[in-house]
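Peer 1: This is the structure I have questions about; it appears just below.
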Amino acid sequence: MTASLRPAALAMALALAAAMAPYAASASGLLAHRASYALSLDASKPSQKLDGADGRIDYEIKGNACEGYTVNLHQANNLDTGEGPSTRSDMLSSSWEDGNGDAYRFKTVNRTDGQVKSDVDAIATRTDQGVNVQITKPRHESVELKGKILMPTQHVLKVLAAAANGDSVFEATVFDGSDDGDKVYETLAVIGRPMKDAKNLPDAAKAALAGQTYYPVTVSYYEVGETGQTPAYVMSFTLYENGVIGDLKIDYNDFVLRGSLDAFEVLKAGGACQK
């Protein structure tokens, strides 16, 4: 059993994306920052498969629409099934996304108990028909994906734009790149009413987020063609207008992990961007 957050989802949820110098956050920009989240098993949804779980998510985003966005992400989980030693899963991901959402370069490694389970290296480029994925790991292959597909950080910005516009729902097909490097999800984002002055923030985050508007957001990720079925997983989180994620929850159907923001650092902004 594993519990890794998909790179695109965190991109989404940490704008969890968003990716990563940047410039001061605005309606068109994401705040460059590092954030860490302590993971724990959510007792409000009892699990029949786990006796306990904990872990961390460490996230970094830098960049802007001119330079592109760079994201570094590490998620580590310890899962206790009550049968033998706990299972440890680790996911390391680094990515760069073009500011227009036309290209996405990513590397992702998943390990279970120290053994590599997947190692993906690829670049996705927008075409007139959809997205072309040039994969170099775990195999050399060119994959053509048809249709309107958003890149991860592009998805974050679209959700933020929908929220600012007062929309309560945003649907999109999003490139994820996990598994064999060509994964796509159909997503449904439900956006709550804007709020301010969230409680229980770590001291380092208060200055950056004080007075910032945030939205309760829930994003359901579906296998393609299965939007009428149970989602593969669901992420709920507080999304600030500058792309920062507050606390979050990841529902894997069999169990739920909660992530509590416990460390935060604003990174130095780069050059000005007029896009």
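Peer 1: Rounding to the nearest 20 debye, state how big the charge dipole of the chain is about its Cα centre with +1 on each Lys and Arg Cβ and -1 on each Asp and Glu Cβ.
Peer 2: Using only the charged Cβ atoms, the result is roughly 580 debye.
Peer 1: Can you list the trypsin sites (Lys or Arg not before Pro) in the stretch 37-104 that are in a DSSP coil and have 13 or fewer other beta carbons within 10 angstrom?
Peer 2: Within the stretch 37-104, the qualifying trypsin sites (Lys or Arg not before Pro) (loop, at most 13 other Cβ atoms within 10 Å) are LYS49.
Peer 1: Across the stretch 98-109, in residue order, what do the Karplus-derived ³J(HN,Hα) couplings come to in whole Hz, using 6.51 cos²θ - 1.76 cosθ + 1.60 with θ = phi - 60° and x for Gly and Pro?
Peer 2: Using θ = phi - 60°, the values come out as 4, x, 8, x, 9, 8, 9, 9, 8, 9, 9, 10 Hz.
Peer 1: Spelling out what I want: for every residue of the stretch 139-154, take phi, set θ = phi - 60°, compute 6.51 cos²θ - 1.76 cosθ + 1.60 (Karplus), and round to whole Hz; glycine and proline get x.
Peer 2: Rounded to whole hertz, the list is 8, 8, 7, 10, 10, 9, 10, 8, x, 7, 10, 8, 7, x, 5, 4.
Peer 1: Based on DSSP H runs of at least 4 residues, each adding -39500 (n - 2.57), what is the mean residue ellipticity at 222 nm of the chain after dividing by all its residues, to the nearest 500 deg cm²/dmol?
Peer 2: -3000 deg cm²/dmol
Peer 1: Sticking with this structure for a sec: Hey, can you grab everything whose amide H is under 5 Å from the amide H of ASP247? Only 5+ residues off in sequence or another chain; H modelled, so Pro and N-termini drop out.
Peer 2: THR238, LEU261
Peer 1: Determine the alpha carbon to alpha carbon distance for each of LYS206/LYS249; LYS148/LYS183; LYS199/LYS249; LYS148/LYS268; LYS107/LYS146 and list only those over 24 Å.
Peer 2: LYS148/LYS268
Peer 1: Let me ask another. Restricting to DSSP loop positions (anything but H, G, I, E, B) with no more than 10 other Cβ atoms inside 10 Å of their own Cβ, which chymotrypsin sites (Phe, Trp or Tyr not before Pro) remain in the stretch 89-150?
Peer 2: Sites meeting the loop and neighbour criteria: none at all.
Peer 1: Taking the dipole about the Cα centre of the chain, with the C-beta of Lys and Arg at +1 and of Asp and Glu at -1, give me whichever of LEU239, PRO46, PRO152 is farthest to the positive side.
Peer 2: LEU239
Peer 1: Please name whichever of GLY114, LEU201, HIS140 sits farthest to the positive end of the charge dipole of the stretch 85-203, dipole taken about the Cα centre and charges placed at Cβ: Lys and Arg +1, Asp and Glu -1.
Peer 2: LEU201
Peer 1: Would you mind classifying the stretch 7-266 by shape? Square roots of the alpha carbon gyration tensor eigenvalues, ordered a ≥ b ≥ c; an a/c under 1.5 is rounded, otherwise it is prolate if a/b is larger than b/c and oblate if not.
Peer 2: Verdict is rounded for the stretch 7-266.
Peer 1: Another question about this same structure. Picking from CYS66, GLY259, GLY177, whose Cα lies most toward the positive end of the charge dipole for the chain (charges on Cβ: Lys, Arg +1; Asp, Glu -1)?
Peer 2: With unit charges placed on the Cβ atoms, the residue in question is CYS66.
Peer 1: Short version: ³J(HN,Hα) in whole Hz for each residue of the stretch 166-180, in order, from phi by Karplus 6.51 cos²θ - 1.76 cosθ + 1.60 (θ = phi - 60°), x for Gly and Pro, what are they?
Peer 2: x, 6, 9, 9, 9, 10, 7, 8, 10, 6, 10, x, 7, 6, 9
Peer 1: Give me the dipole magnitude in Debye, nearest 20, for the stretch 51-194 about the Cα centre, with unit charges on the beta carbon: positive for Lys and Arg, negative for Asp and Glu.
Peer 2: Here the size comes out at about 300 debye.
FYI, it's all coordinate maths here, none of it is from the lab. Everything numeric here is computed off the predicted structure, so don't read it as measured data. A quick note on method: Cβ atoms are made from the backbone with ideal geometry, for glycine too, and the neighbour counts reach across all protein chains shown.
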